[in-house]
Amino acid sequence: MDRFIDAIHTSLATQNWYAALYLSLTLPDICARLESNNRKTNRNKFVAWFDKYLASKYRVQIGADREMHVFLSENDCYALRCAMLHEGESNIASQQCREVLERFHFTVVGSHCNQIDSVLQLDVPTFCTDVCNAVESWFQDFKASHTDKLTRIDELVSVYVGPHSMSEGVYLGQSV
């Protein structure tokens, strides 16, 4: 999982906000698929993963009565994932799975979790870092509770830089 987390951190460091955001929205699906018995993910698995590893960052007690406010629910995050990855939009009003929000407003100025009516402002570096931290926490749990599925990590996409072998005896990028 480090390759994906490192890619997000590199994207943030180079201000490649879109790459960081899009990759961050795919990680809950990747994690859910890795631990799935049928090696597939879906809305319910995404939502369960978000609820366990990320939801607490987006639930805050506010006001004099310390009433719990949910800035970003599991379903609204899934709706954002669907809208962004499949349609390139931050408007989730037409997403069937949305819960409260209708639109997201992304920024990089440090202002995070501001909500006006059904619009939620998210700071991209903060959101992406929250996802990375959640994935790191998940990975510790995954290694401890899914030892039978650890080899699935090796099946994830890799980009090879420099000399490498596609199969035994076949080397690319160097002369032998």
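From the list 104, 46, 71, the one residue that fits, being crowded, with 18+ Cβ neighbours inside 10 Å, without any contact (Cβ under 8 Å) to a residue 60 or more places away in the chain, under 20 Å from residue 141 (Cα atoms) and not small (Gly, Ala, Ser), is 46.
Residue-by-condition table, conditions (1) touching a residue at least 12 places away in the same chain (Cβ under 8 Å); (2) in contact with a strand residue (DSSP E or B) (Cβ under 9 Å, 6 or more places away or on another chain); (3) of a type outside the set (S, T, N, Q):
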{"site": "118", "(1), (2), (3)": "yes, yes, no"}
{"site": "121", "(1), (2), (3)": "yes, yes, no"}
{"site": "126", "(1), (2), (3)": "yes, no, no"}
{"site": "129", "(1), (2), (3)": "yes, no, no"}
{"site": "132", "(1), (2), (3)": "yes, no, yes"}
{"site": "136", "(1), (2), (3)": "yes, no, yes"}
{"site": "140", "(1), (2), (3)": "no, no, no"}
{"site": "147", "(1), (2), (3)": "no, no, no"}
{"site": "150", "(1), (2), (3)": "no, no, yes"}
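Residues of the stretch 12-20 include at least one that is in contact with a strand residue (DSSP E or B) (Cβ under 9 Å, 6 or more places away or on another chain), modelled with pLDDT of 95 or more and surrounded by fewer than 17 Cβ atoms within 10 Å (Cβ to Cβ).
For (1) in contact with a helix residue (DSSP H, G or I) (Cβ under 7 Å, 6 or more places away or on another chain); (2) among the acidic types (Asp, Glu); (3) over 15 Å from residue 29 (Cα atoms), each residue gets a yes or a no:
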position: 41; (1), (2), (3): yes, no, no
position: 54; (1), (2), (3): yes, no, no
position: 60; (1), (2), (3): no, no, yes
position: 68; (1), (2), (3): no, no, yes
position: 72; (1), (2), (3): yes, no, yes
position: 75; (1), (2), (3): yes, no, no
position: 85; (1), (2), (3): yes, no, no
position: 88; (1), (2), (3): no, no, yes
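With respect to the conditions (1) surrounded by fewer than 17 Cβ atoms within 10 Å (Cβ to Cβ); (2) touching a residue at least 12 places away in the same chain (Cβ under 8 Å); (3) under 16 Å from residue 71 (Cβ atoms); (4) touching a Leu at 6+ places or on another chain (Cβ under 9 Å), residue 85 lacks only one, and its number is (3).
When residue 27 is tested against (1) under 18 Å from residue 119 (Cα atoms); (2) part of a helix (DSSP H, G or I), only condition (1) is not met. Taken as a whole, the structure places residue 54 among residues that are crowded, with 20+ Cβ neighbours inside 10 Å, within 12 Å of the chain's Cα centre (by Cα) and at pLDDT 95 or above.
Would you check if residue 126 is within 17 Å of residue 19 (Cβ to Cβ) and among the hydroxyl-bearing types (Ser, Thr, Tyr)? Answer is yes for this residue. Residue check: residue 26 meets all listed conditions (1) under 30 Å from residue 147 (Cβ atoms); (2) in contact (Cβ under 8 Å) with a residue 60 or more places away in the chain; (3) surrounded by 14 or more Cβ atoms within 10 Å (Cβ to Cβ) but one, namely (2). Which count do you get for residues in the stretch 125-160 that are under 29 Å from residue 40 (Cβ atoms), β-branched (Val, Ile, Thr) and modelled with pLDDT of 95 or more? Qualifying residue count for the region: 3.
The values are calculated or read from the model by the stated rules, or taken from the named source; none is laboratory data. These numbers come from a predicted model, not from an experiment. Cβ coordinates were reconstructed from backbone atoms using ideal geometry, including for glycine residues, and neighbour counts include every protein chain displayed.
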